[in-house]
Amino acid sequence: MTSRLSAITWNTFREAVRDRILYNLVFFVLLLVASAPLFSQISIGLERLMLVNVGLSSISLIGVVITILVGIGLVSKEIEKKTLYTILSRPVRRWEFIAGKYLGLLLTLVVNAALMTVGFYVALLIFVGSLKRADAGLLVAIYFILLQFMIMVAITLLFSTFSTPVFSAIFAFALFVIGAFGEDLKNFATLSHGITKWLALAAAYIMPNFASLNVIARVAHDERVSMQLVAFNTIYALLYSLAVVTAAVMIFERRNLK
Amino acid sequence: MRAIEITGLSKEYAVGFWKKQRRPALKSLNLTVEAGETFGFLGPNGAGKTTTLKLLMGIIFPTAGSATILGRDASDPEVKRKIGFLPEQPYFYDYLSAPELLDYYARLSGVSAAARKQRIGELLEQVGLSDVGNKQLRKFSKGMLQRVGIAQAIIHDPEVIFLDEPMSGLDPVGRHEVRELIQGLKDAGKTIFFSTHILSDAEALCDRVAVIHKGELRGVGVVNDFHSAVAEQTEVIWLGASAVAAVTGLLTESHITGETVRVTVPSANLDRLLETLRQQRARLISVAPIHGTLEDYFLARTREEQKEAVR
């Protein structure tokens, strides 16, 4: 099982790399370099705040875009091109295929984010002049971004098992936007009454809560993120992803691949 | 020992906007293939050949019936270690090279790392691709891809090999190469189940064939059975156009060019034709039997179908 899972994971990662997905890193570096004149015009002390916001938001947004672009075709492309036929005719369980695809795209995003993080810290060193102890706290925000990717990969994979790439992209992006406003949905529920309250509350709990995974503004202001939140978000992301991937497996297990 | 046993295998698809209509793609198929046999699964496009193979490979699920391969349920992962499959007009991960692709499939089939390296080298040699190096598959011709396809189907040295239209879309050279590869597998004692609508390929390679049409099995037998099922004809050529009038009732078809007459006659009428020609003093030039081919059988069955449909 491990060999088959790792083979599918590695092949998914290799496909993304050979499809030049990592070229987005060039875009990321260009974005940081292009922002440089802007930083120099800002008063001393604010340039770090600006760079952290631009850098970390870019890591998050670029990752989500890659997740959607690659994720929507993870399964549907294999069905459409019939590459799945030569996989399912081997001793590969359908759940192994789904799990391998999930891990492969996640690996791609982790490597991508790791390289961006290195670029981000280099930029911080160049534009701010030095790194301070509090800059290590920025890694918590990056860790939360990775948790966000875990959930987004699961969501796009789920849509990919039963929908067309276009609809998958629309659904996944819609969920990302709704999830980003997860806290607002909860606030709306507390202000509402009757059925609206329950519907809003149900939606707030069913939809992914990306708002609590976004601590970019807080770390930019050197605010400390509690270990309790780190633990809670980790468990939340793991359970949410597991539930969504399980749903994807259940759909895929029953699917006739025409 | 039976390599493949299919019992009452059926597949219906839900069609229409509300998916309420049922369209049968395969109707209660019963079939057995013995170990070591090369079995041809014949039928026109849309007959149900690919549906059958997809069901056997676990790509789609049957509406009814079951199938065993090497004595175990076709969906058993243990069975899948012992089978190989080449889909129709296969597409492979085109960002990979041939050795990378074969390594990937070998890993999925549970071949050990040491065995993989040796086997990949041997197979690329066997399918005539030992010189492709690390060229990506996107740069391969269709014939080369088909050879890679056969290589991936046998990378784990399976006992039973399923090939879906293995010669489809290939030029004559490519077809010859693939035919040679299949012949090699046959000589190695593998059980081969291959679907095709190219009847000459089935005639050249198969021990037995089955004919399927519109999702229903129409016949199973050795290739010679099918030949004899088609009425044997004889071509007769003579000089003397005036004799034609006396034999018209005996002929299947006739062509007259000046005094030269060329006709085809059912073998049962041959003696009467020759006797009449002798009486008419026609000068006989040649008498040659025309063997019925699988294609004739195929066409005959299809025509019967159409006639029944008209009735």
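The values are calculated or read from the model by the stated rules, or taken from the named source; none is laboratory data. Because the structure is predicted, anything quoted here is derived from the model rather than measured. Every residue, glycine as well, gets a Cβ built from its backbone with ideal geometry; the counts of neighbours run over all protein chains shown.
Residues being at positive phi and either crowded, with 18+ Cβ neighbours inside 10 Å or within 11 Å of chain A (Cβ to nearest Cβ) (or both): count how many of those fall in the stretch B:102-160.
Filtering the stretch B:102-160 down to residues at positive phi leaves B:110, B:128, B:133, B:157.
Restricting the remaining residues to those that are either crowded, with 18+ Cβ neighbours inside 10 Å or within 11 Å of chain A (Cβ to nearest Cβ) (or both) gives B:110.
Looking only at that region, the number is 1.
Could you list, in sequence order, the residues of the stretch B:72-91 that are touching a Pro at 6+ places or on another chain (Cβ under 7 Å) and among the β-branched types (Val, Ile, Thr)?
Within the stretch B:72-91, just B:Ile83 meets the criteria.
Given the condition in a strand (DSSP E or B), modelled with pLDDT of 85 or more and in contact with an Asp or Glu (Cβ under 6 Å, 6 or more places away or on another chain), answer yes or no: does some residue in the stretch B:236-253 qualify? Walk me through how you get there before you give the answer.
As a first pass, look at the stretch B:236-253 and keep what is in a strand (DSSP E or B): B:236-239, B:253.
Still in the list and also modelled with pLDDT of 85 or more: B:236-239.
Now narrow it down to the ones that are in contact with an Asp or Glu (Cβ under 6 Å, 6 or more places away or on another chain): B:239.
Yes; the residues of the stretch B:236-253 include at least one that is in a strand (DSSP E or B), modelled with pLDDT of 85 or more and in contact with an Asp or Glu (Cβ under 6 Å, 6 or more places away or on another chain).
Among the residues of the stretch A:104-112, is there at least one that is within 14 Å of another protein chain (Cβ to nearest Cβ) and touching a helix residue (DSSP H, G or I) at 6+ places or on another chain (Cβ under 6 Å)? Walk me through it before giving the result.
Taking the stretch A:104-112 as the starting set, the residues that turn out to be within 14 Å of another protein chain (Cβ to nearest Cβ) are A:104, A:108.
From what is left, the residues that are touching a helix residue (DSSP H, G or I) at 6+ places or on another chain (Cβ under 6 Å) are A:104, A:108.
Yes, the stretch A:104-112 contains a residue that is within 14 Å of another protein chain (Cβ to nearest Cβ) and touching a helix residue (DSSP H, G or I) at 6+ places or on another chain (Cβ under 6 Å).
What tally of residues in the stretch B:130-149 results from selecting those that are in a helix (DSSP H, G or I) and within 25 Å of the chain's Cα centre (by Cα)? Lay out the reasoning, then the answer.
Going residue by residue through the stretch B:130-149, those that are in a helix (DSSP H, G or I) are B:137-139, B:142-149.
Next cut, within 25 Å of the chain's Cα centre (by Cα) only: B:142-149.
The number of residues fulfilling the criteria is 8.
State which residue is surrounded by the fewest Cβ atoms within 10 Å (Cβ to Cβ) when the search covers only the stretch A:59-85 and only residues that are among the basic types (Lys, Arg) and free of Cβ contacts under 8 Å to residues at least 24 places away in the same chain. Show your work before the answer.
Taking the stretch A:59-85 and keeping what is among the basic types (Lys, Arg), we get A:77, A:81-82.
Now drop any that are not free of Cβ contacts under 8 Å to residues at least 24 places away in the same chain, which leaves A:81-82.
Working: A:Lys81: 15, A:Lys82: 17.
Per the stated criteria, the residue is A:Lys81.
Here are some residues: B:Thr63, B:Thr51. Which one is β-branched (Val, Ile, Thr) and either away from chain A (no Cβ under 13 Å) or touching a residue at least 60 places away in the same chain (Cβ under 8 Å) (or both)? Please lay out each step first, then the result.
Numbers: B:Thr63 fails: either away from chain A (no Cβ under 13 Å) or touching a residue at least 60 places away in the same chain (Cβ under 8 Å) (or both).
Just one listed residue meets the conditions, B:Thr51.
So B:Pro90 passes all but one of these: (1) outside any loop (DSSP other than H, G, I, E, B); (2) within 10 Å of chain A (Cβ to nearest Cβ). Which condition number does it fail?
Failing condition for B:Pro90: (1).
Quick check on this structure: which one of B:Asp164, B:Asp131 is among the acidic types (Asp, Glu) and touching a strand residue (DSSP E or B) at 6+ places or on another chain (Cβ under 7 Å)? Reasoning before the result, please.
On the way: B:Asp131 fails: touching a strand residue (DSSP E or B) at 6+ places or on another chain (Cβ under 7 Å).
Unique residue meeting the criteria: B:Asp164.
For the stretch B:61-101, name all the residues that are crowded, with 22+ Cβ neighbours inside 10 Å and charged (D, E, K, R).
Within the stretch B:61-101, B:Lys80 is the sole residue that qualifies.
Please count how many residues of the stretch B:178-199 are more than 14 Å from chain A (Cβ to nearest Cβ), touching a Leu at 6+ places or on another chain (Cβ under 8 Å) and either basic (Lys, Arg) or in contact (Cβ under 8 Å) with a residue 24 or more places away in the chain (or both). Walk me through how you get there before you give the answer.
Initially, the stretch B:178-199 is screened for residues more than 14 Å from chain A (Cβ to nearest Cβ), giving B:178-192, B:194, B:196-199.
Going one step further and asking which of them are touching a Leu at 6+ places or on another chain (Cβ under 8 Å), we end up with B:178-179, B:182-183, B:186, B:192, B:194, B:196-197, B:199.
Retained after the next criterion (residues that are either basic (Lys, Arg) or in contact (Cβ under 8 Å) with a residue 24 or more places away in the chain (or both)): B:178-179, B:182, B:186, B:192, B:194, B:196-197, B:199.
Selection size over the stretch B:178-199: 9.
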